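Okay, structure first, notes after.
The values are calculated or read from the model by the stated rules, or taken from the named source; none is laboratory data. What you are looking at is a predicted structure, and each value in this text was computed from that prediction instead of being measured. A quick note on method: Cβ atoms are made from the backbone with ideal geometry, for glycine too, and the neighbour counts reach across all protein chains shown. The accessibility values were calculated without ligands, DNA or RNA, using every heavy atom of the protein model including side chains. Shrake-Rupley method; radii C 1.70, N 1.55, O 1.52, S 1.80 Å.
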Amino acid sequence: MRLRLAVLACMLTAIGSLAAPTLASAAPRHNHHLTIAAAPNPVTAGEGVVIYGRLLGADNAGQPIALYHHIAGSNQGYTLVQRTTTDASGYYEFTRAEGVVLTNRSWFVRGPSGSHSRTIHERVTALVGITPSSASTDTNTPITFTGQVYPNHPFERVVLQEQNGSSDDWSTLKSGHTNGGSVYSISYRWRRPGDHDVRVVFPGDYRNIRGVSDPMTITVNQAQVPDFTIATSAPIVDEGGSATISGVLYMPGTTTPDPSTVVQLWGRRAHQSRFAVLADATTGPDGSYSFPQPGLTTNTVYYVATMPLSQTKRRHTAAVYEGVRDVLTFQPSTGTATTGQTVMFSGTVLPDKAGHSIYLQKLGNDGDWQTVEVRFVRNDSTFQFNWTIGSPGNHEFRARITSDAANVGAASAPMTVTATAPPASTLPPAS
């Protein structure tokens, strides 16, 4: 009887050594002959991840390796998610495809003879979309911002923020909450005319770390004077572009056109303290006027006024804001790279934006641009980012600069970097 029990125990031990368990209740704190690393870390929700390392010691070729994970907030322990074998030098590699890693999680691996890695923690950034109801408004009309937090975060807080100057400092304007479908809606009315750069932030929770939307520029004008209107043909133009300031003059308090009246265009460019007369014109038979403005280089505030005569009172329109957008160039050091390789992105900004914050953005799985790095424009108005490429596949990047008093912010044309997975032995060392 004892012999049978001994034989059975040996058989069970042999079976256990052939296959790693599918569930583990605790994660190791230190490695035991087995290293591990993950790239990239952190990642944006849905981005692919490469987990790799090496089995140390003799006879490390062709050995089985099992990958375990624990998803933040899950009631389960660590579960088996993938298996592989080591190469001739003991290296192993797992690729978690795009669309799989959506929330924070922890990883570790097990190998033969009781070997195991330490536990590493993968942080995953939530994706935040943003869509304004309009890109321009007046001081009487609010703008509604809507969007979705991905993955789903129902009934959680989000905040609408506005940038302060040209720094990476942002002030909270208003907060709101997502609904059951993880969609938010926040309305806000500005009392101060001008260009405003805003974004929506998901502060983060145990499932995802903080996520930030792409900044949006909202142009706010004064509310119209009903009997003396003003508008611009293009609220925002590229540097060097043109716009036309036009409107209609009516008889006071009516909708009857006021023809053959001399009107003046007044303007105040960025950093100027006073308005100055820029041009004169005469209203047409329908009371309309028009002032072409070519070669714009900086944000300008305009209004139109009648010529004051002895028997009439001077009248004027509301102020209208004309934004002039920065122009960016943007280029990666290479269009192809391997996981773990650092790619340098460089470019220029016109006009000069020395000291202004600038953002490297990556296109997320939700189709919105996500900020992944913040730097400052150098004294010669150039910039540079160094970014470590993550999972295999095509990755789209762009540079984004926000507005300041002189110009409206802009984004560069997107550039694609194609990443491939190299042998684990060529990746940065794991521990």
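Consider Gln370 carefully, then state whether it is farther than 27 Å from Thr131 by Cα, touching a strand residue (DSSP E or B) at 6+ places or on another chain (Cβ under 7 Å), of a type outside the set (D, E, K, R) and assigned to a strand (DSSP E or B). If you could, list the steps in order and put the result at the bottom.
Numbers: farther than 27 Å from Thr131 by Cα: no; touching a strand residue (DSSP E or B) at 6+ places or on another chain (Cβ under 7 Å): yes; of a type outside the set (D, E, K, R): yes; assigned to a strand (DSSP E or B): yes.
It is false that Gln370 is farther than 27 Å from Thr131 by Cα, touching a strand residue (DSSP E or B) at 6+ places or on another chain (Cβ under 7 Å), of a type outside the set (D, E, K, R) and assigned to a strand (DSSP E or B).
I'm trying to understand the selection: among the residues of the stretch 351-372, which are of a type in the set (A, V, I, L, M) and open to solvent by less than 30 Å² (accessible area, probe 1.4 Å)?
From the stretch 351-372, those of a type in the set (A, V, I, L, M) are 354, 358, 360, 363, 372; that's our starting set.
Listed by number, the residues that qualify are Ile358, Leu360.
Name the residues in the stretch 330-345 that are exposed (fewer than 14 other Cβ atoms within 10 Å of the Cβ), of a type in the set (S, T, N, Q) and in a strand (DSSP E or B), would you?
Matches in the stretch 330-345: Thr336, Thr342.
In the set Thr416, Thr382, Thr420, Thr348, which member is at pLDDT below 95, among the hydroxyl-bearing types (Ser, Thr, Tyr) and either within 29 Å of Phe202 (Cα to Cα) or open to solvent by 10 Å² or more (accessible area, probe 1.4 Å) (or both)? Before the answer, list the steps.
On the way: Thr416 fails: at pLDDT below 95; Thr382 fails: at pLDDT below 95; Thr348 fails: at pLDDT below 95.
Among Thr416, Thr382, Thr420, Thr348, only Thr420 is at pLDDT below 95, among the hydroxyl-bearing types (Ser, Thr, Tyr) and either within 29 Å of Phe202 (Cα to Cα) or open to solvent by 10 Å² or more (accessible area, probe 1.4 Å) (or both).
What pairs come out if I take residues in the stretch 56-68 that are under 21 Å from Arg29 (Cα atoms) and pair them with residues that are part of a loop (DSSP other than H, G, I, E, B) and open to solvent by less than 50 Å² (accessible area, probe 1.4 Å) whose C-beta lies under 6 Å away, six or more apart or interchain?
Ile65/Gly111; Ala66/Ala20
Considering only residues that are over 30 Å from Asp352 (Cβ atoms) and surrounded by 15 or more Cβ atoms within 10 Å (Cβ to Cβ), which ones fall in the stretch 153-173?
Filtering the stretch 153-173 down to residues over 30 Å from Asp352 (Cβ atoms) leaves 153-160, 172.
The answer is His153, Glu156, Val158, Val159, Leu160.
Kindly list the number of the only condition in (1) part of a loop (DSSP other than H, G, I, E, B); (2) buried (at least 19 other Cβ atoms within 10 Å of the Cβ) that fails for Tyr92.
Against the list (1) part of a loop (DSSP other than H, G, I, E, B); (2) buried (at least 19 other Cβ atoms within 10 Å of the Cβ), Tyr92 comes up short only on (1).
Out of all the residues in the stretch 253-286, which are part of a loop (DSSP other than H, G, I, E, B) and among the aromatic types (Phe, Trp, Tyr)? Walk me through how you get there before you give the answer.
Quick first cut of the stretch 253-286, residues part of a loop (DSSP other than H, G, I, E, B) only: 253-256, 258-261, 270-275, 283-286.
Phe275 - this is the single residue of the stretch 253-286 that is part of a loop (DSSP other than H, G, I, E, B) and among the aromatic types (Phe, Trp, Tyr).
I'd like to check something: does the stretch 122-140 contain any residue that is among the basic types (Lys, Arg) and outside any loop (DSSP other than H, G, I, E, B)?
Of the stretch 122-140, the ones among the basic types (Lys, Arg) are 123.
Those left that are additionally outside any loop (DSSP other than H, G, I, E, B): none.
Looking through the stretch 122-140, none of the residues is among the basic types (Lys, Arg) and outside any loop (DSSP other than H, G, I, E, B).
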